[in-house]
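Comments concern the structure below.
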Amino acid sequence: MNAKDIVYVNGSFVPRAEARVSVEDRGFVFGDGVYEVLRVINGRPFATRFHNDRLRRSLEGIRISLKGSDNPERFVEIGKELLRQNALVDGEATLYMQVTRGASTRAHNFPAAETEPTVYISAARFTPYKDLAESGAVAITLPDQRWGRCDLKTLNLLPNVLASQIAKEKGAFEAMLIRDGIVTEGTRTNFFGVIDGVLRTHPLNNHILPGITRSVLRDLAHQVSIDLDESPIKVDEIPRLSELFLTGTTTDVMPVVTLDGKTVGKGRPGSLTRQLQKVLAESLASGSD
Ligand code: PLP
């Protein structure tokens, strides 16, 4: 908890300990909502347009309409105010934004149209994984047990939570999920791999989240003339990976050097991984929004 710890709930800036939502909130009862996590460097949220577009798409995808003057751009402004109020305008921080379908007597179908969505925004100090990014991380594979709309960033994270916990218990940083013989993504990350010198990542479809870091990296790879093949990596191609890395807002480019107990490539972060770590770090530092 940071010194001031002010959060935003439904129109008010309040100390976190005094923030309240109803026990009938549909986020609490059904996980009926969506969220975003933004990276902030020196008070500047990174890649806001990408995040705003994705939040809009997630809201539309689960049919939540924001009321009045609420919109993703406004949430970013509220986030900036939270950064100021919580003395987080220097160094690294994150913004968390969550919108649920609001509070209503429990029933599976949607509540009355006039029900106000619940909006919760908070800011926190963040420390990047510097050492692990240098040495490389351990990952495992697990079955992908999620639903058919993994492209929406919803609060329904139970399969991700369970897989992430198994990874932790096995001493791994992340679980990479397998659906129909294909590696889809991690519990909280997308991934890129190198096979026969070609950089590959899972194509955008309903089986993965369209990660912002994935998009940013795709553009950056193009800028530095690295070709990217958006074709799925099959489980039986895993032994041929010479490099593997995870991407995410709080994960950056995280090399994976051991997968399911087997060494990936030479057992240390590869040259393409290092190059992309560098260009992403430069992009973050430049504060592009
Ligand atoms: N995939 C999943 C399932 C995630 O939950 C996340 C982020 O939380 C990502 C990928 C990475 O997305 P981003 O780069 O937008 O953080």
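The values are calculated or read from the model by the stated rules, or taken from the named source; none is laboratory data. Remember, it's a predicted structure, so these values are computed and weren't measured experimentally. So basically every Cβ, Gly included, is an ideal-geometry build from the backbone, and we count neighbours across all protein chains shown. Heads up: the accessible areas ignore ligands, DNA and RNA and are worked out on the full protein's heavy atoms, side chains in. Shrake-Rupley method; radii C 1.70, N 1.55, O 1.52, S 1.80 Å.
For the chain, the square roots of the Cα gyration tensor eigenvalues, ordered a ≥ b ≥ c, give a/c of at least 1.5 with a/b greater than b/c, which places it in the prolate category.
Rolling a 1.4 Å probe over the protein heavy atoms leaves T105 with an accessible area of roughly 100 Å². Beyond 27 Å in Cα-Cα separation lie the following of the pairs K67/K153; K153/K266; K130/K170; K153/K262: K153/K266; K153/K262.
Amide H contacts of E185 (H built 1.01 Å from N, in plane; Pro and chain starts excluded): L177 sit under 5 Å, all sequence-distant by 5 or more or on other chains. For region 28-184, just say rounded, prolate or oblate: build the C-alpha gyration tensor, square-root its eigenvalues into a ≥ b ≥ c, call rounded for a/c under 1.5, and beyond that prolate if a/b exceeds b/c, oblate if not. Since a/c reaches 1.5 but b/c is at least a/b, the shape of region 28-184 is classed as oblate.
Ignoring ligands, DNA and RNA, what percent of the accessible area of region 50-181 is carbon or sulfur (1.4 Å)?
In region 50-181, the share of accessible area belonging to carbon and sulfur is 52 percent.
Got a sec? Charge dipole of the chain, +1 on Cβ for Lys and Arg, -1 for Asp and Glu; which of L83, L204, P143 is way out at the positive end? It is L83, whose Cα lies furthest towards the positive end. For the chain, the dipole from Cβ point charges (+1 on Lys and Arg, -1 on Asp and Glu) about the Cα centre works out to 240 debye, to the nearest 20. Think of a 1.4 Å ball rolled over the protein heavy atoms: the chain then has 48 Å² of accessible area per residue.
Of the residues P45, P269, P159, the one that moves most in a GNM of the chain with alpha-carbon contacts below 10 Å is P159. For region 42-129, which trypsin sites (Lys or Arg not before Pro) are both in a DSSP coil and crowded by at most 12 other Cβ atoms within 10 Å? Passing sites in region 42-129 are R63, K67, R106.
Under a Cβ-only charge scheme (Lys and Arg +1, Asp and Glu -1), can you give me the dipole magnitude of region 86-159 about the Cα centre, in debye to the nearest 20?
About 300 debye.
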